[in-house]
Amino acid sequence: MALPLRQYLENCGDVLFYAPVRGVDHEMFALPPMIFPANHLFPSRQLQSWNVGGPRFHPASMFVFVGARYLNFNRLHPGAVGNRQQVLVSELAGRSNVLAKASELGLDLSPELATVVLDSVKEAEHRGYAYEAADASFELLVRKIAGALPSWFTLDSYRVVIERAAAADRSEAIVRLRLGADRVVAVGEGVGPVHALDQALRRGLADFYPQLERIHLVDYKVRILDGRAATSAVTRVMLTSADHEGEWTTVGVSDDIVTASWEALADGVAFGLLRAGAQAPEPVAAGSA
């Protein structure tokens, strides 16, 4: 049996913050009982099955902040079932979402810097990036704009060679890196160009950052953004890395799949070093390189 919307909202109290929708007869609208909040008598197994996991609650683009509260389309407050609201930022977000996400990351952004971040996000997503699905890349972007991102390594160049012989594939990557005043050249071999780049990057950084031993790749996804461009289409790479505490996702975009993969790979390693608290080398003074 459905419950009239007004009575439903009165029963919810502070569990649900609701914004009326223009043109809808809310007195006649009804909600099914399966989305009642936790203060209703409700079989615990059914409540858990409907409200566990991050995707059960709408992202930041589906709500706006009003002071310390938000108006959204969630059926109940995530905290009522032991979950939490995850603030995501995309080209649809506003400055308040950026400020909220920065606060979640422990960064105190000024409104001016938040505007710079938002403009950067919109420009990047216009080129194919998707920060709402790549939380780690977004955090790196915010920290870079805020001047709070250490530089663990920078890329000078890389080269990838793919060879097929005797019905077997072999890839080799050479990576040239700068770590402060040090220059490192590393070679890696793998079953494909991305694997070879990953091996070369790790070999180049292993002596400087032992924390890399606890960071590994768990997922790699590729999406063609415009199939009409055929083999020259812009490609988006989503790469998920993990350590003993959790997972994070980074994104790379380019019309070259190797370049997009390198961007996501390098961001994934950098975020892992950030999580691990790795000490970045001292920056080289201008003109001394």
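Every residue in region 245-287 that is over 16 Å from W152 (Cα atoms) and not assigned by TED's automatic domain parsing to the domain that holds R203, please. Across region 245-287, the qualifying residues are A286, G287.
If you check R203, R170, R176 for being among the basic types (K, R), in a helix (DSSP H, G or I) and outside the structural domain of Y129 (by TED's automatic domain parsing), only one passes: R203.
Report yes if V234 is within 24 Å of K144 (Cβ to Cβ), aliphatic (A, V, I, L, M), surrounded by fewer than 20 Cβ atoms within 10 Å (Cβ to Cβ) and in the same structural domain as R170 (by TED's automatic domain parsing), otherwise no. So V234 passes the test.
Just to be sure before I move on: is V237 part of a strand (DSSP E or B), farther than 17 Å from Y158 by Cβ and aliphatic (A, V, I, L, M) in the structure I sent?
Values: part of a strand (DSSP E or B): yes; farther than 17 Å from Y158 by Cβ: no; aliphatic (A, V, I, L, M): yes.
So V237 does not fit the description; no.
Filtering region 115-129 for residues that are in contact with a Ser or Thr (Cβ under 7 Å, 6 or more places away or on another chain) and among the charged types (D, E, K, R) leaves a non-empty set.
Which residues, counting only those in region 178-192, are among the hydrophobic types (A, V, I, L, M, F, W, C), exposed (fewer than 13 other Cβ atoms within 10 Å of the Cβ) and touching a strand residue (DSSP E or B) at 6+ places or on another chain (Cβ under 8 Å)? Once the filter is applied, which keeps residues that are among the hydrophobic types (A, V, I, L, M, F, W, C), exposed (fewer than 13 other Cβ atoms within 10 Å of the Cβ) and touching a strand residue (DSSP E or B) at 6+ places or on another chain (Cβ under 8 Å), region 178-192 yields only V191.
This table checks each residue for (1) under 27 Å from E189 (Cβ atoms); (2) crowded, with 20+ Cβ neighbours inside 10 Å; (3) of a type in the set (G, A, S); (4) under 19 Å from the mean Cα position of the chain (by Cα).
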residue	(1), (2), (3), (4)
A124	no, no, yes, yes
A130	no, no, yes, yes
I145	no, no, no, yes
L155	yes, no, no, no
I162	yes, no, no, no
A168	yes, no, yes, no
S171	yes, yes, yes, no
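Among the residues of region 158-197, the one identified as of a type outside the set (A, V, I, L, M) and at positive phi is G180. Out of all the residues in region 175-191, which are among the aliphatic types (A, V, I, L, M) and free of Cβ contacts under 8 Å to residues at least 60 places away in the same chain? Within region 175-191, V175, L177, V184, V185, A186, V187, V191 meet the criteria.
The values are calculated or read from the model by the stated rules, or taken from the named source; none is laboratory data. What you are looking at is a predicted structure, and each value in this text was computed from that prediction instead of being measured. Cβ: placed from backbone, ideal geometry, glycine included. Neighbour counts: every protein chain shown.
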